[in-house]
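Contents: one structure, followed by commentary.
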Amino acid sequence: MSSTQDFQRWPDAHGRFGDFGGQYVAETLMAPLAELTEAYERLRDDPAFIAELDRDLKHYVGRPSPIYHAERLSQHIGGARILLKREDLNHTGAHKINNTVGQALVAKRMGKPRIIAETGAGQHGVASATVAARLGLKCVVYMGAVDIERQKINVYRMKLLGAEVVPVTSGSKTLKDALNEAMRDWVTNVADTFYIIGTVAGPHPYPMMVRDFNAIVGREARAQMLEEYGRLPDVLTACVGGGSNAIGLFHAFLNDAQVRIVGAEGGGEGIASGHHAASLAAGRPGVLHGNRTYVLCDDNGQIAETHSISAGLDYPGVGPEHAYLKDAGRAEYVGVSDEEAMEAFHLLARTEGILAALESSHAVAQAMKLARELPSDGMVLCNLSGRGDKDVHTIAACEGVEV
Amino acid sequence: MSRIDRRFAALKATGRTGLIPFVTAGDPSPEHMVTLMHALVDAGADLIELGIPFSDPMADGPVIQHASERAIARGVGLAEVLGWVTAFRTRDAETPIVLMGYLNPIEIHGYERFAREAVQAGVDGVLLVDCPLEEAAVLQPLRQAGLQQILLAAPTTAPGRMVRLCESAEGFLYYVSFAGITGAGSLSTHDIAARVADVRARATVPVAVGFGVRNAQSAKEIAGFADAVVIGSALVGRLAGAKGPDEIVGRVRDILQPIRSALDTH
Ligand SMILES: Cc1ncc(COP(=O)(O)O)c(C=O)c1O
């Protein structure tokens, strides 16, 4: 890897990150995407917009989120210090709100009265319903029927916030199908509807826009590291579903060549089992949901049904910027199994008093592995993307407990 | 001159409106797919759009989604689809065939390999829903092999972009009659007449109108201002569940023949 390479310069004017990204959508969506790109590129440099976003992030979301040294966990593991970027402390309990606050402000400025969103774990659905309620916008959330079953609490939260939750029963009835259905809604209602995509996937400008709104995580973290620890961490890790919390943390560090970057994908029952959601670790380049990226599919190009214990990682594609970072050799992506994530969940709960989301527990498991490989003065910075309240039912079911 | 160009030239010479049925390859029955294709022609089809099943048909409504799911469950992939085209060509060397679908199956198959095999099978063009003009560079091997890329135009297409689409169009331009997914709503022919007239004035290729054509009545209204009409969901929905060649052929006749006569008498 050459240290002179600028990994932060993407995407190019066509929305491409190297060979990945782009706008692979039906003709009907080309105009609304152009309208959105134009609006967003104008707003991202507009001081009034930036000021409003900053205000919301501070007073509504509760930023900045702290970096917490998980001392007992680190001791238990033996090895480097594990530091947690506490996105779980944000309003609504995950990093997803960083993005929805931003996109909702774009929607408002574009004069769109209706918001739609897809959701897997329900965190993005909740975060969308939340900002819609606050701005007085109508909100419809598409969610796979399978995910509705395993994330009941979030479904009810969305309803309490005034959103309509539409079950999606096509295909594998999970996140990818919810995204298809939201796209179908958008194509039908382009005039009055703003589609808030919940991760760094979809057609340009979404991977760029969602990254920009989440990049606050890494910007804060980088400054906090320098201020509190006097140097950058040795390695970063985050879980990767579509990749928004991961790119949010990674982006500010991409040109810090000494910082190793590792993404943790949903390894399910293990990559060898075929039951997993590790698109980067085990997939191949393809086209899904409007962009070229790594996908999990069969030899006929049919998108695979993925498996992960965490609904938020259960996605057969991944944001195109991660595909680029993998091929460029700047970041590594590995599968973390359901079992490893569950172990990490319990260990973090008992050593630190933090119930992490199952998605984030994959990152914690990866952080533990990385910490073991490093000396005691090493530092692993892990994005704790969300809190685990929503997963209590799933975890209880796994343990055979009734709640 | 390509088979598609020849067919439209012949339609123009006789003053007829083209009829383009869409069927999902492998539905209702892989065994009788070739029979179905010949039945389409016998019932008056001028060109066949054959849908390559895809797991995530983002631009399609429930009728075509479900047909796609059924075909995939029966193991239908590109090899089968191309096999049916090859078999069809042994008896019909004239009716153009356009494969319609999404990019991923072709990307995974390999663009060069697909181009070679498709031409060999007797495919004339491709209509890839999620490959707009801006991304069409990946289709270069297809064009080089002689496959025409059918482009879509939509009500949301901006004027400047429409000019570019018209300039790049090959074979025919597929005008999507409303912003939405296949099989949704019913269209207001009054609204689209003016837009299609505008597109036809700019385009050097014929313009086919699709989305929302359900029956002889709607087809006839569109025939007043389009070079061809596409009938998709209404046909796929009617074919669903048909068993055996007789039932398939019968249903094709029931739905296409009235449309054919309506087009010919408009
Ligand atoms: C807490 C949490 N972390 C991570 C994810 C995965 O999404 P992404 O990879 O876009 O961060 C989700 C998605 O629902 C989530 O809720």
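The values are calculated or read from the model by the stated rules, or taken from the named source; none is laboratory data. Note that the structure is a prediction, hence the values are computed from the model and not measured. Here the Cβ positions follow ideal geometry from the backbone for every residue, glycine too, while neighbour counts run over all protein chains shown. Only protein heavy atoms, including side chains, enter the accessible area calculation; ligands, DNA and RNA are left aside. Shrake-Rupley method; radii C 1.70, N 1.55, O 1.52, S 1.80 Å.
List of remarks:
- Each Cα pair under 8 Å and six or more residues apart adds its separation to the average, and for the range A:96-220 the resulting relative contact order is 30 percent.
- Here the spin labels are modelled as points 7 Å beyond Cα on the Cα-Cβ line, and at residue A:35 and residue B:86 they lie 4.7 nm apart.
- Under the Debye formula (equal points on every Cα, no solvent term), log10 I(q)/I(0) of chain B at q = 0.10, 0.13, 0.15, 0.16 Å⁻¹: -0.44, -0.78, -1.08, -1.27
- Spin-label model, residue A:6/residue A:273: points 7 Å from Cα along the beta carbon direction are separated by 4.5 nm.
- Most mobile listed residue (A:95, A:346, A:362) in chain A, GNM with C-alpha springs under 10 Å: A:346
- Cβ-defined net charge surrounding residue B:109, 14 Å radius [Lys, Arg +1; Asp, Glu -1]: -3
- Local electrostatic count at residue A:349 - Lys and Arg +1, Asp and Glu -1, tallied over other residues with Cβ under 13 Å: -3
- In order along the range A:337-345, the phi-based Karplus estimate (6.51 cos²θ - 1.76 cosθ + 1.60, θ = phi - 60°) of 3J(HN,Hα) comes to 6, 3, 5, 4, 5, 5, 4, 5, 4 Hz; Gly and Pro are listed as x.
- Computed over chain B: relative contact order in percent, which uses C-alpha pairs under 8 Å that are six or more apart: 23 percent
- In terms of accessible area, using a 1.4 Å probe and ignoring ligands and nucleic acids, A:206, A:229 rank largest first as A:229, A:206.
- Put simply, the amide H of residue A:382, placed in the peptide plane, has neighbours under 5 Å in A:83, A:84, A:85, A:237, leaving out anything fewer than 5 places away on its chain.
- Here is the interface size for B with A: some 2800 Å² of accessible area buried, both sides summed, with a 1.4 Å probe.
- Prolate/oblate/rounded label for the range A:272-403 (Cα gyration tensor, a/c 1.5): oblate
- Reach of residue B:220 by Cα under 25 Å, taken over lysines that are not fewer than 8 positions away in the same chain: B:12
- 3J(HN,Hα) along the range B:95-102: 6, x, 10, 10, 8, 10, x, 10 Hz, from the Karplus curve 6.51 cos²θ - 1.76 cosθ + 1.60 with θ = phi - 60°, whole Hz, x for Gly and Pro.
- When the range A:234-321 is described by a simple charge dipole with +1 on each Lys and Arg Cβ and -1 on each Asp and Glu Cβ, the residue from A:282, A:248, A:270 located farthest towards its positive end is A:248.
- Farthest toward positive dipole pole in the range B:25-129 [+1 Lys/Arg, -1 Asp/Glu at C-beta], among B:83, B:33, B:65: B:83
- GNM result for chain B, Cα springs below 10 Å: residue of B:157, B:182, B:17 fluctuating most strongly: B:157
- Under the convention that each Lys and Arg Cβ holds +1 and each Asp and Glu Cβ holds -1, the size of the dipole of the protein assembly as shown around its Cα centre is about 1120 debye.
- What the Cβ-Cβ distance of residue B:42 and residue A:327 gives, at R0 = 56 Å and to the nearest 0.05, is a FRET efficiency of 0.65.
- Whole-number accessible area per residue in Å² for the protein assembly as shown, which is evaluated in the context of all protein chains at 1.4 Å: 34 Å²
- Dipole size of the range B:15-158 about its Cα centre, with +1 on Lys/Arg Cβ and -1 on Asp/Glu Cβ: approximately 260 debye, rounded to the nearest 20.
- Relative contact order, percent, chain A [alpha-carbon distance under 8 Å, six or more residues apart]: 21 percent
- Heavy atoms of residue A:118: accessible area, 1.4 Å probe, square angstrom to 10: 10 Å²
- Cβ-placed point charges (K, R +1; D, E -1), dipole of the range A:149-262 about Cα centre in debye, nearest 20: 280 debye
- Among A:19, A:185, A:46, the largest mean-square fluctuation in a Gaussian network model of chain A, built with springs joining Cα atoms closer than 10 Å, belongs to A:46.
- Convex hull (Cα only) mean projected area of the range A:135-289, reported in nm² to one decimal: 12.0 nm²
- For the set A:112/A:138; A:85/A:159; A:85/A:152, the pairs lying more than 18 angstrom apart at their alpha carbons are A:85/A:159; A:85/A:152.
- Shape category assigned to the range A:1-159 from the gyration tensor of Cα positions, a/c cut at 1.5: oblate
- Fully extended contour minus Cα-Cα distance, from residue A:55 to residue A:346, at 0.36 nm per residue: 101.2 nm
- Annotation: average projected area of the protein assembly as shown is 29.2 square nanometres, based on the convex hull of Cα atoms across all directions.
- Positive-pole candidate from A:375, A:186, A:351, dipole of chain A, charges at beta carbon: A:186
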